[in-house]
Amino acid sequence: MNIGEVLAELKGDFPQVSASKIRFLEEKGLITPRRTSAGYRKYTDADVDRLRFILALQRDQYLPLKVIKDYLDAVDRGEHPESLPGGLTLTPRSVSDQLAQELAGHTRPLTRAELQGISGATTQLLASLEQFGMVSPDENGRYSEHALKATRSAVVLAAHGLEPRHLRPFRAAADRELGLIERATASLATRKDAAANARMADAARELSEACLGLHSALVAAAVADLDT
């Protein structure tokens, strides 16, 4: 297949994918299409399956390209890594719609009633979370998987006496971290081509993981000191 035919294969599942994005993945060493004598790229069915795998992990699991590449490199060396971070057991040569859903427990947006039912949040708790900017519905009044995670965490914290008004430092910290990420990716944001957008999105994911890791390590270290 040529790159146009590959895009046609992928557009159903990944409508935002572009030729620049695929070339960016090639530039990063995640995919290596065969070249004709004239230098044109030719893609096989295995290449398309590999692209589905990469794009699904980026979209549903928010994994940095480096993590995905390390996994694929291990597979290409003939190794058999059992899982990616998070304990997911995957086969990189084929990613079905069902597997894409399993990659992150990706769910459809939830109604308010569904969010409360799944998370165990009371009406008052959810209203307070919205008041303090912890969760918010989309334009259709639905809630994302991120809102579900935040609400579940708030339910646990509320059981220990920490109400949404006590959680405002988390909102402030998240906004500051987002500011750092935006500053670090500012040079890429000035460019409007698809490859630059792909680089910016991947850099933002990697920075986000690093911020979360640092935050978790600092809190865990402080909690460990309570035992000493």
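Within the stretch 1-26, track down each residue that is assigned to a helix (DSSP H, G or I) and touching a residue at least 24 places away in the same chain (Cβ under 8 Å).
As a first pass, look at the stretch 1-26 and keep what is assigned to a helix (DSSP H, G or I): 3-10, 19-26.
If the condition is that a residue be assigned to a helix (DSSP H, G or I) and touching a residue at least 24 places away in the same chain (Cβ under 8 Å), then Ile3, Glu5, Val6, Glu9, Leu10, Ala19, Ser20, Lys21, Ile22, Arg23, Phe24, Leu25 are the ones that fit.
Could you tell me how many of the residues in the stretch 160-172 are surrounded by 12 or more Cβ atoms within 10 Å (Cβ to Cβ) and out of contact with any helix residue (DSSP H, G or I) (no Cβ under 6 Å at 6 or more places or on another chain)?
Of the residues in that region, 7 qualify.
Among the numbered conditions (1) outside any helix (DSSP H, G or I); (2) among the acidic types (Asp, Glu); (3) open to solvent by less than 90 Å² (accessible area, probe 1.4 Å), tell me where Asp175 comes up short.
The one condition Asp175 does not meet is (1).
Which ones in the stretch 126-149 are surrounded by 18 or more Cβ atoms within 10 Å (Cβ to Cβ) and without any contact (Cβ under 8 Å) to a residue 40 or more places away in the chain? Give the derivation first.
Filtering the stretch 126-149 down to residues surrounded by 18 or more Cβ atoms within 10 Å (Cβ to Cβ) leaves 126, 128-129, 134-135, 143, 147-148.
Matches in the stretch 126-149: Leu126, Ser128, Leu129, Met134, Val135, Tyr143, Ala147.
Applying the selection to the stretch 194-228, what residues are open to solvent by 60 Å² or more (accessible area, probe 1.4 Å), farther than 16 Å from Leu25 by Cα and either in contact with a strand residue (DSSP E or B) (Cβ under 6 Å, 6 or more places away or on another chain) or of a type outside the set (A, V, I, L, M, F, W, C) (or both)?
Glu209, His215, Ser216, Asp225, Asp227, Thr228
Please return the ranges of helices (runs of 4 or more DSSP H) entirely within the stretch 28-126 where 1 or more residues are modelled with pLDDT of 75 or more and within 25 Å of Leu148 (Cα to Cα). Talk me through it step by step, then tell me what you get.
Working: elements: 45-56, 65-76, 97-102, 112-119.
Passing ranges, in order: 45-56, 112-119.
The values are calculated or read from the model by the stated rules, or taken from the named source; none is laboratory data. Computed from a predicted model, the values in this text were never measured in an experiment. Positions of Cβ are backbone-derived with ideal geometry, glycine not excepted, and every protein chain shown enters the neighbour counts. The area values use the complete protein model at the heavy-atom level, side chains included, leaving out ligands, DNA and RNA. Shrake-Rupley method; radii C 1.70, N 1.55, O 1.52, S 1.80 Å.
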